[in-house]
Each structure stands twice: as C-alpha cells, then as structure tokens.
Amino acid sequence: MRKKVIIVLLSLSAIFLVFTIASAEKVFRPSTELPKSVSTTNGSPRLVLITQELETSFWDEVAAGAKNMALEEGAQLEVWGSYGTNSDEFLKKLELAIHSKMDGIIVQGLDTEAFNELTKVKAAFYGIPIITVANDVPKQESLRKTYVGSDQFDAGNLLAKELLIDMEHQGEIIILSDEDSQYYQQQRIAGMMDVFKAYPAVTVTNSQTSSSKEQVVAAAQDFLNKSPDAKGIVAVNANHLAAMLQEISRRTQVEPYHIYSFDDGPDALALLEQGEVDALIRQSPEEMGKKSVELMIDWIASESEPLDTEGYITDIELVKRVDGS
C-alpha cells in the first residue's frame, strides 16, 4: 500500500513538473508578434492627427488637407492637440490615442524622451503605426514609419542663400532658436551654416530662448545690446517672431535689419504682409496633411510597399515681402 502511494505521488509530481515547465516556457518564450489594434469601425480606418499648435493657420491647412483625403478615402479622422506648444497636454493626447487603439496616428514630431517612449514602446506594443508630419524626429529614436513634410536642411539652405544676397555677403547674422532646440530646428540651422561657412566676411551669433514671450523679449534685448551692428536676424522658431519684433521696434527701427523666418508660426504670414518680416520659407502644409493620410491608409490596407523611412518631402519656396528686392 505504501509503495502504491509513493508511486501515485511521484506520478502527480511528474505531471505537475511538466505543466510548470510548459507554463514557464510559454511565459518567457520571446515573441515577435505585437498586439493588434482594434478592428476598424464599419471597415473605416480610425485615424487621428495630433499637433501642439491647434488653430494656427499652418496647422489648420495641415488638418484641412488631412480631412479632405480622409473623406475621399472613406476613413475616420479626428484632430486633437494642444494650444501654445503645451508639450504636457500634447503628450497626454498622444498617450490617449495609443490607449484608444487608433488604427493610425499622424503626429507633429517632438524630439523628447517622453515622446520617443510613447512612440517606440507603447505605440509599438499595440501595433499602431506612427507617421510624423511637418516636424520630424530622428527615425532611430521613435520607430515612426515615415515622415511627411519639408526637408528642413534644404529650407535652411534656401533661406541662407537669399539672406546673404540681401546682406551683400557680409556682416553679422543673429540666429534665434529654442534652448531645447528641436530636431527640425537643428536641421534648419545646419542647412544655414552649410551656406554661411563659405563666406569669411559673415559672422554668426547664436541666441537661445525658451518659449515664453518674456524670455523671447529678454533674448532680443540681449542680442540687440551685444550685436548692435547685426544685419540679419533669423527666427528659427516662427512662434518667436511677434515678441521678437515687438522688442526690436521698441528699441529701434525694424527697417535696417533683414529679418527672415518660416511660415509655421501663428503670425508669420500676417507679419510678412505687413512688411515687418522680409522673407519666409513657405511650406506645403495642405499637401503634408493629404500625403500623410494617404500613406497611412495605404499602410493599414497593405496596398503599398514598405514606407520609405527617409520620408516623403513636400515643396518649399522662399516668399519675400512685396516691396522687397
């Protein structure tokens, strides 16, 4: 009897051991499969466009292009975001889109650790494709599928060449950028410096600021004090234009300066029309919106080849004020 009990116990132990090993293997076995996003509603892909700069002319055009393409393709598109470059609120919207298991997320790139964590880890975990639009991030840091927008290096290059013509290829240039310079700003500056370095009679002074109006004004005061004879001023972040010009006009005449920037700030185009700004790099925001939705829908439907991780570049041009030379 005792022998039978021992045999039964040994048999049960063996069975338990087999199940334990099988369970452990299942838990620790590496898997390349990611959780799939929720199924589309009525067969329509659920997409979201997220920006830090809602209700600005530039991003209104991006949204309009995206909505038109979504309507044409039968996709559902929502536009989310924050106001005044509120990065915390922006990141909350991105996280909400991921937890909502959208079929695709089109987002203004933000080169921060928190953004990369959301796109590289959380969105990837749920199998949600990310496309950056207008502002890119380093592709290896975010695992975004692709980028749609301007070649920012080329934009900086084009701006610098025209600015030097206005300055007759000599004099000091102030470059105003953010303290925590985003990837798109770094690319713009790199494009400018690629041109400036060839002209020994040109000197470049870098000035940095945070996003608040008070800090932009303080930065303008500082570079006006230190570089009173500067000929050119470039606002790499077009959001700084209005506050910067306010301080310049308070201190002196705007006219002696050649002031250049980009069109993605809320006041940029109006300031160009008013003659306060000499030239802007004009981008193609509506086309960015259209193309990003088109690529996302193709990706979801598996109708296209793998997306080009280098990005899909939209047109740029330099636009000068009407009375400019």
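Near residue 171, within a Cβ-to-Cβ distance under 9 Å, what is the net charge of the other residues, with Lys and Arg +1 and Asp and Glu -1?
Working: positive: 231; negative: 168, 172, 229.
The answer is -2.
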Study note, to complete from the structure: With Rg from the Cα atoms and Rh as the Kirkwood inverse mean 1/r over Cα pairs, the stretch 152-282 has an Rg/Rh of 0.92
Check your understanding: Which ordering of 119, 132, 85, 252 is given by a fewest-first count of other beta-carbon atoms within 10 Å?
Key -> 252, 85, 119, 132
Review point. Rg and Dmax of the chain, using alpha carbons, in Å: what are they?
Key: 26.2, 109
Point to revise | On Cα atoms only, tilt of 183-196 relative to the major axis of the chain in degrees | key: 40
Check your understanding: Among 177, 212, 82, whose mean-square fluctuation peaks in a Gaussian network model of the chain (Cα, cutoff 10 Å)?
Key -> 212
Review point. Against the longest principal axis of the chain, how steep is helix 87-99, in degrees 0 to 90 to the nearest 10, with axes from Cα atoms?
Key: 30
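Where a number appears in this text, it was derived from the coordinates with a stated rule and is not lab data. Not measured: the values here are computed from a predicted model. Note that we place each Cβ from the backbone using ideal geometry, even for glycine, and neighbour counts take in every protein chain shown.
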